[in-house]
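Notes follow the structure.
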Amino acid sequence: MNSTPPQITKAVIPAAGLGTRFLPLTKATPKEMLPVVDKPAIQYVVEEAVAAGMSDILMVTGRNKRPLEDHFDRNYELEEALQRRGDQDKLNSVCASTELADIHYVRQRDPKGLGHAVLCAAPHVGREPFAVLLADDLIDPRDPLLSRMAEVRARLGGSVVALMEVDSDAIHLYGCAAVEQSAAGGDGVRITELVEKPEPGTAPSNLAIIGRYLLDPEIFEVLRSTSPGRGGEIQLTDALRTLVRAGRPVHGVVFSGRRYDTGDRAEYLRATVRLACEREDLGPEFLSWLREFVRAEELAPV
Ligand code: G1P
């Protein structure tokens with residue numbers, strides 16, 4: 001008998017949030033379109049899904065998110081202009097986002113939370129397992145996470161959530177998981193309890209949910225009957241907790257690679273600087289400017 005779960009080909013990217021941490025920029029520009037060097041943050045996330053074999057992407061959007069659709073669509077005028085100029089490199093970069101994947105959109109009409117956004121994906125996803133990638137979390141492509149989560153799922157089935165150890169004074173900003181050893185070994189754990197944004201001092205561990213999930217479609221049924229939780233919103237963490245408490249398999253992979261929270265202004269700046277420094281075309285010059293800048297700052301009188 002071959003019991004290996006099927007390869008996950010569908011990914012859902014919730015992108016309906018208001019992005020209030022980046023106001024006033026996000027008044028008319030979706031936060032997912034914030035540039036990380038010269039690509040919008042969401043393109044890194046789509047590339048990560050595609051690299052893990054997910055070629056069918058559903059974005060759950062809302063009002064004011066048209067620029068997202070335009071970015072992943074063709075722009076004939078621009079393509080023709082670049083063609084006429086013979087600028088093949090720029091033409092390739094413009095076409096890359098269009099050709100990445102098969103991208104679909106659904107609107108989340110009411111801002112009822114992450115769990116509700118995932119539920120909006122139910123008709124598209126159907127009865128297949130699927131991935132959820134939160135666009136604020138940027139995972140460095142050199143530290144693959146989704147493929148490791150897929151290994152754990154292939155071995156143990158059920159749903160798999162990405163976890164990361166954070167400082168105890170930051171855990172109240174995340175979904176938090178209590179875990180025990182699992183048959184997956186190493187970075188694989190079995191989740192025994194979950195709590196969305198625990199009150200300071202009450203978290204059952206320092207393991208935070210970061211925005212990558214491989215979900216069994218049974219989650220939809222649970223989400224339909226999940227009441228609003230933290231912040232008055234329907235929380236994905238609460239639905240996963242229901243599965244855990246019902247004895248359904250929910251596993252975690254503890255990630256120790258590079259992750260940037262582009263939803264936080266300071267982290268966003270750090271991500272941009274770090275990724276710019278690592279770029280072959282920009283890095284050397286930018287880094288030497290940065291060294292100079294830091295030296296001058298250190299010497300400047302306070
Ligand atoms: C969401 C989830 C939370 C998770 C976090 C990761 O929260 O609800 O469980 O830890 O993403 O980035 P948000 O940051 O959208 O409030």
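About its Cα centre, the stretch 1-62 has a charge dipole of approximately 260 debye under the convention of +1 per Lys or Arg Cβ and -1 per Asp or Glu Cβ, with nothing else charged.
In order along the stretch 151-168, phi translates into HN-Hα couplings of 4, 5, 5, 4, 7, 10, x, x, 10, 10, 10, 7, 10, 8, 6, 10, 4, 5 Hz, rounded to whole numbers, per the Karplus curve 6.51 cos²θ - 1.76 cosθ + 1.60 with θ = phi - 60° and x for Gly and Pro.
Highest mean first, the peptides 35-47, 74-86 sorted by other C-beta atoms within 10 Å per residue fall in the order 35-47, 74-86.
Of the residues 293, 273, 71, the one whose Cα sits farthest toward the positive end of the charge dipole of the chain, with +1 on the Cβ of Lys and Arg and -1 on the Cβ of Asp and Glu, is 71.
Axis of helix 236-245 versus longest Cα principal axis of the chain: the two differ by about 30°, to the nearest ten degrees. From the Cα gyration tensor of the stretch 107-258, with a ≥ b ≥ c the square roots of its eigenvalues, which class applies: rounded if a/c is under 1.5, or else prolate if a/b is larger than b/c, or else oblate? The shape class here is rounded.
Residues whose amide H comes within less than 5 Å of that of residue 175, counting only those at least five positions distant or on another chain, are 197, 209 (H built at 1.01 Å from N in the peptide plane).
Computed from the C-beta positions of residue 18 and residue 302 and an R0 of 25 Å, the FRET efficiency is 0.10 to the nearest 0.05. Choose one of 145, 126, 198: the residue whose Cα lies farthest towards the positive end of the charge dipole of the stretch 115-202 (beta-carbon charges +1 Lys, Arg; -1 Asp, Glu; about the Cα centre). The residue sitting farthest along the positive end of the dipole is 126. All other residues whose Cβ lies under 13 angstrom from that of residue 78 are scored, Lys and Arg at +1 and Asp and Glu at -1, for a net of -2. The antiparallel fraction among DSSP beta bridges confined to the chain stands at about 60%. For residue 192, the residues whose modelled amide H falls within less than 5 Å of its own, excluding neighbours fewer than 5 places apart on the same chain, are 178, 179, 180.
Each residue of the stretch 289-299 was assigned a 3J(HN,Hα) from its phi angle through the Karplus expression (A = 6.51, B = -1.76, C = 1.60, θ = phi - 60°), giving 4, 4, 4, 4, 4, 5, 4, 5, 5, 5, 7 Hz with x at Gly and Pro. Near the amide H of residue 59, within less than 5 Å, lie the amide hydrogens of 13, 104, 105, 106, all on another chain or at least 5 residues away, with H placed in the peptide plane.
Which value, in debye to the nearest 20, gives the size of the charge dipole of the chain about its Cα centre, when Lys and Arg are +1 and Asp and Glu are -1 at the Cβ?
760
Using θ = phi - 60° in the Karplus curve 6.51 cos²θ - 1.76 cosθ + 1.60, the 3J(HN,Hα) couplings for the stretch 108-125 round to 8, 6, 10, x, 9, x, 4, x, 5, 4, 5, 4, 4, 8, 3, x, 6, 6 Hz; x is entered for Gly and Pro. Largest GNM mean-square fluctuation among 137, 261, 87, using the chain with Cα springs under 10 Å: 87.
All of the numbers you see were taken from the coordinates with simple rules; none came from a lab. All of these numbers come straight from a predicted model, not from anything done at the bench. Heads up, the Cβs are rebuilt from the backbone with ideal geometry, glycines too, and the neighbour counts pull from every protein chain shown.
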